[in-house]
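Structure first, commentary second.
The values are calculated or read from the model by the stated rules, or taken from the named source; none is laboratory data. Just so it is clear, the structure is predicted and the values come from calculations on it, not from any experiment. Glycine also receives a Cβ, built like all others from the backbone with ideal geometry; neighbour counts cover every protein chain displayed.
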Amino acid sequence: MTFCVEVETDVSTGLDYQKILEMVAEKTLDMEGCPYEAMVNLLITDDEGIHEINKEQRDIDRATDVLSFPMHEYENPADFDELEEDFASFEPDSGELMLGDIVISAEHVLAQAESYGHSVLREFAFLIAHSMLHLIGYDHMVEEEAEDMFARQEAVLEALGIGR
């Protein structure tokens, strides 16, 4: 699997972004039954950077904790059979499934960890799990979907031993 991490901020969380991304992304994909090696890009920025991206890409004029930019639209979440014949979904050289991009604000990670009373690691891992589920078609626009997505996020963190 290929996980690319780029850091565009001086705000430090003290975390090993690469290691945590690999751990959480792989566990999420395993638990969701992804049959492919995958490729994910992660950008760590600050509130100013994520605010700018949020405004440009979503026309929302504020900072947020995480943004997910999936490469595919799924008719059904985690239905990887939909992608089998879509050769544009796979990186030509490696054959990996290109899932998309994740953007996380380091400032939000620190603030939310403090606000929720848990570790910075847990907050960051939660945001990765959340975003990975978005990259494979899950959403939380209605209550039933939100409950399902939240349960899946918690299951990933629990399987990794990352508790509150």
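Take the conditions more than 20 Å from M31 (Cα to Cα) and either at pLDDT 95 or above or charged (D, E, K, R) (or both) and apply them to R164. Does it pass? If you could, list the steps in order and put the result at the bottom.
Numbers: more than 20 Å from M31 (Cα to Cα): yes; either at pLDDT 95 or above or charged (D, E, K, R) (or both): yes.
For R164, the condition - more than 20 Å from M31 (Cα to Cα) and either at pLDDT 95 or above or charged (D, E, K, R) (or both) - is met.
Selection of segment 40-76 for residues being of a type outside the set (S, T, Y), farther than 20 Å from A125 by Cβ and in contact with a Gly (Cβ under 9 Å, 6 or more places away or on another chain) yields A63, M71, H72, E73, E75, N76. Pairs meeting the criteria (first residue in segment 152-164 and surrounded by fewer than 13 Cβ atoms within 10 Å (Cβ to Cβ), second residue of a type outside the set (S, T, Y) and in a loop (DSSP other than H, G, I, E, B), beta carbons under 6 Å, at least 6 apart or on different chains) are R164/H118. Select from segment 115-151 the residues that are out of contact with any His (no Cβ under 9 Å at 6 or more places or on another chain), charged (D, E, K, R) and assigned to a helix (DSSP H, G or I) and list them in ascending order. Across segment 115-151, the qualifying residues are R122, E143, E144, E145.
All conditions in (1) assigned to a helix (DSSP H, G or I); (2) surrounded by 15 or more Cβ atoms within 10 Å (Cβ to Cβ) hold for A111, with the sole exception of (2).
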